[in-house]
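The values are calculated or read from the model by the stated rules, or taken from the named source; none is laboratory data. Predicted model only: the values in this text are computed from it and were never measured. With ideal geometry, Cβ positions are generated from the backbone for all residues, glycine too; neighbour counts draw on all protein chains shown.
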Amino acid sequence: MSTRDMPLISHLAGWDEELRLALEDLQLDRWLAAKQLLRKTGTNWSLRTSRSQALAVGAARNQAIEAWCTEEPDDRDALMMWARVLTQRVLNTHRDGVSGRQLIRVVHAAHAACKTAADRWPADPVPYVCFLALAQTDTDRQSPHNWMNWVRPRDVMLPPGPWQLLDWVNQRDLHNREAYHRMLSVFHARGKGGLDFAQWVVSFAPEGSALKVLPLYAYVESYRKQLEQRQTAGTIAYWSNEITAHYARRALHDWFEKAKPDTCSLLDLNYLAYALTATGVGNAAGVFEEIGSYVTTAPWALVTPNSSWWEDDFRSARRKALGGRR
């Protein structure tokens, strides 16, 4: 079966089969596979960060990680996952519209869990990534959750934010992908600074770094908000300009063509595939071939007037890209 005819598979684990098995166990309130997966991942910080994030999403609505912590209360992976799960629950609660004292209560509980995990294994960047994630809910400067979420940056003209937390992650895992995405989400939640931050990151991110894709996320979020508020004239009018095309090309040449395929985020690949087709830059065939069957709903469902159309939009873009190569 050719790539253009492949069925679409949307799964939190993507093509990571070991992660898929661990997620299936978590759905049954079993944590042993997650423990074994994290042990095997070891100090590959990039993989530890991405796998633990997916595990937390899968475990946030069940009791598997609580059971693990009860069974092994001093295990550093269990403590990290408890911080992850509580952080994910905070994000879910915030997304559901909960605010005020009720939100602050769960934020403080998650913050304490992150602190415990960080103390247990100081070298681990994940608890500090969780601190950054919690900052996404701290959107009112008049009543901040934590002063560290509102620090002014040094040497750059960008808004206040959790810059010290980002520094702490960089000290443990320089250019950690999720950390910079969490910073971008903080600025998006506050309504300003996201695109400026993403463009600034591209200016120093090394070749082959997934951070080269960051501006594409900022452009998608801006376009999504315009669609939501019915302020956009259409896809072509928004995406067909030299600036967005420039960042799509940079992501293609400075990240995709330089990175090792087995290190590429499936979500990044989908954002790049969309941007290359929407801007008219093209040359997306290799990206779609790398994606294969394992599509992600974002950005496709975020940039269409009807989110139920996203699979058709993906197939159409893939067909045109691969047809162009033929």
Taking the range 197-206 and the residues there that are touching a residue at least 24 places away in the same chain (Cβ under 8 Å) and touching a Phe, Trp or Tyr at 6+ places or on another chain (Cβ under 8 Å), the one that is farthest from Leu272 (Cα to Cα) would be Phe197
Let me spell it out: the conditions are (1) closer than 22 Å to Arg51 by Cβ; (2) modelled with pLDDT of 95 or more; (3) out of contact with any strand residue (DSSP E or B) (no Cβ under 8 Å at 6 or more places or on another chain), and Leu266 meets all of them except one. Which number is the exception? (3)
Residue list for the range 296-326, restricted to those being at pLDDT 95 or above, in contact with a Phe, Trp or Tyr (Cβ under 8 Å, 6 or more places away or on another chain) and not in a helix (DSSP H, G or I): Thr297, Ala298, Pro299
Could you check the range 280-294 and list, in sequence order, the residues that are out of contact with any Lys or Arg (no Cβ under 9 Å at 6 or more places or on another chain) and among the β-branched types (Val, Ile, Thr)? Val287
If we scan the range 33-40, do we find a residue that is surrounded by fewer than 21 Cβ atoms within 10 Å (Cβ to Cβ), in the same structural domain as Cys114 (by TED's automatic domain parsing) and not basic (Lys, Arg)? yes
Residues in the range 82-94: is at least one closer than 24 Å to Ala33 by Cα, outside any helix (DSSP H, G or I) and touching a residue at least 24 places away in the same chain (Cβ under 8 Å)? no
Arg230 vs. criteria more than 19 Å from Ser209 (Cα to Cα), in a helix (DSSP H, G or I) and of a type outside the set (Phe, Trp, Tyr): no
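For (1) among the hydroxyl-bearing types (Ser, Thr, Tyr); (2) in contact (Cβ under 8 Å) with a residue 40 or more places away in the chain; (3) part of a helix (DSSP H, G or I), each residue gets a yes or a no:
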position: Val220; (1), (2), (3): no, yes, yes
position: Lys225; (1), (2), (3): no, no, yes
position: Ile243; (1), (2), (3): no, no, yes
position: Leu252; (1), (2), (3): no, no, yes
position: Lys258; (1), (2), (3): no, yes, no
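Only one residue in Leu158, Leu166 is over 18 Å from Leu91 (Cα atoms), surrounded by 21 or more Cβ atoms within 10 Å (Cβ to Cβ) and not assigned by TED's automatic domain parsing to the domain that holds Tyr217, so which one is that?
Leu166
Matching residues to (1) under 12 Å from Leu8 (Cβ atoms); (2) in contact (Cβ under 8 Å) with a residue 12 or more places away in the chain; (3) surrounded by 14 or more Cβ atoms within 10 Å (Cβ to Cβ):
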{"residue": "Val287", "(1), (2), (3)": "no, yes, yes"}
{"residue": "Glu290", "(1), (2), (3)": "no, yes, yes"}
{"residue": "Thr296", "(1), (2), (3)": "yes, yes, yes"}
{"residue": "Pro299", "(1), (2), (3)": "no, yes, yes"}
{"residue": "Ser308", "(1), (2), (3)": "no, no, no"}
{"residue": "Asp312", "(1), (2), (3)": "yes, no, no"}
{"residue": "Arg318", "(1), (2), (3)": "yes, yes, yes"}
{"residue": "Leu322", "(1), (2), (3)": "no, yes, yes"}
Single condition Thr43 does not satisfy, out of (1) over 21 Å from the mean Cα position of the chain (by Cα); (2) among the β-branched types (Val, Ile, Thr); (3) not in a helix (DSSP H, G or I): (1)
Given the condition modelled with pLDDT of 95 or more, of a type in the set (A, V, I, L, M, F, W, C) and farther than 21 Å from Asp74 by Cβ, answer yes or no: does some residue in the range 33-40 qualify? no
